[in-house]
């Protein structure tokens, strides 16, 4: 007979998958959206900034909602609103409509993110061992599924809103099936703050900085891996995207074994290894800018970043005097700025020097994770 905690774990894991499916489905149709609205690359870049604006605006709001209404209610509501907004993105007639909808899409995404990670921290506490990374692994796995569905929809010449309607239906059905097994809402920790804006305590700030550094690396890899392989590695044809695939494959795969590594060696050593893997992988691709060495390097980087964000969110939610939702929101806010800063930082440094120098700077960021691992007990 399946225990209640196992049912809850799989329900929460399902929500991670659905969140990743919705987010990645949008990403798979960005070129089509660009063509629909006749956007230049510069205009598209400006438009895409509206999505993180929504996420940032919702950081403190999400924590307050979870503290007041409970993570289960917020998660169930947000996971239904999120794909609904996805469909509207495909129906937008003007760039202004699309911009406003992207802000709302980003806001809904982060409502799911904060409430979902709050549930994940609670189920991890019930289990009494690390399981956070494996749940985040399903988010990464959903990216591959979304890419496959997206390719099928593009090949079948389905327009974005038709594609998004399919995703909407799938998420609604699975969300309703999983919702009954989500953890019941609990009252907020006695004495903890539900203030919208609160400066994080020192230990939480260190976790936030580690998250920030990791997400700088992630953001750089997401946006610049293809360009690096094209302009530095001189890859041709389909090999241009090989670096991104290598990075994403090990990031997803390693998340399913990272919990066991953390259980055996502890958070400090796991962060230490993660930081060294990121730095080593990037420096291999910088020193040996050829196809095979660079692929090996990007595989190492994916393994390195895989466990960092799940670990720091787990640690923040379980050890901070704040409520789990407030602690997760604080760390996520700091980390998210890293995700925004990483891609333009690469561009600025590359403009002043070269892409190889840019990736060297990102390698130093990875090494800083290893250094900071010793600053947190």
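The values are calculated or read from the model by the stated rules, or taken from the named source; none is laboratory data. Not measured: the values here are computed from a predicted model. Virtual Cβ from ideal backbone geometry, glycine too; neighbours counted across all protein chains shown.
Within the range 282-290, is there a residue that is within 26 Å of residue 260 (Cα to Cα), touching a helix residue (DSSP H, G or I) at 6+ places or on another chain (Cβ under 8 Å) and either at pLDDT 95 or above or not in a helix (DSSP H, G or I) (or both)?
yes
Within the set of pairs 6+ apart or on separate chains, which have a first residue in the range 134-153 that is modelled with pLDDT of 90 or more, a second that is surrounded by fewer than 21 Cβ atoms within 10 Å (Cβ to Cβ) and not in a helix (DSSP H, G or I), and C-beta atoms under 9 Å apart?
Hits for this filter: 152/158; 153/159.
Sort out which residues of the range 95-128 are farther than 17 Å from residue 55 by Cα and without any contact (Cβ under 8 Å) to a residue 40 or more places away in the chain, and write them in order of number.
96, 97, 128, listed by residue number.
Given (1) crowded, with 19+ Cβ neighbours inside 10 Å; (2) modelled with pLDDT under 95, identify the lone condition not met by residue 164.
It is condition (2) that residue 164 fails.
What helices (runs of 4 or more DSSP H), lying completely within the range 293-376, carry at least 2 residues that are within 23 Å of residue 54 (Cα to Cα) and in contact with a helix residue (DSSP H, G or I) (Cβ under 6 Å, 6 or more places away or on another chain)?
Correct list: 308-319, 324-352.
Tally time: how many residues in the range 1-54 are surrounded by 19 or more Cβ atoms within 10 Å (Cβ to Cβ) and closer than 19 Å to residue 179 by Cβ?
14
What single numbered condition from (1) in a helix (DSSP H, G or I); (2) modelled with pLDDT under 95; (3) assigned by TED's automatic domain parsing to the domain that holds residue 21 fails to hold for residue 157?
(1)
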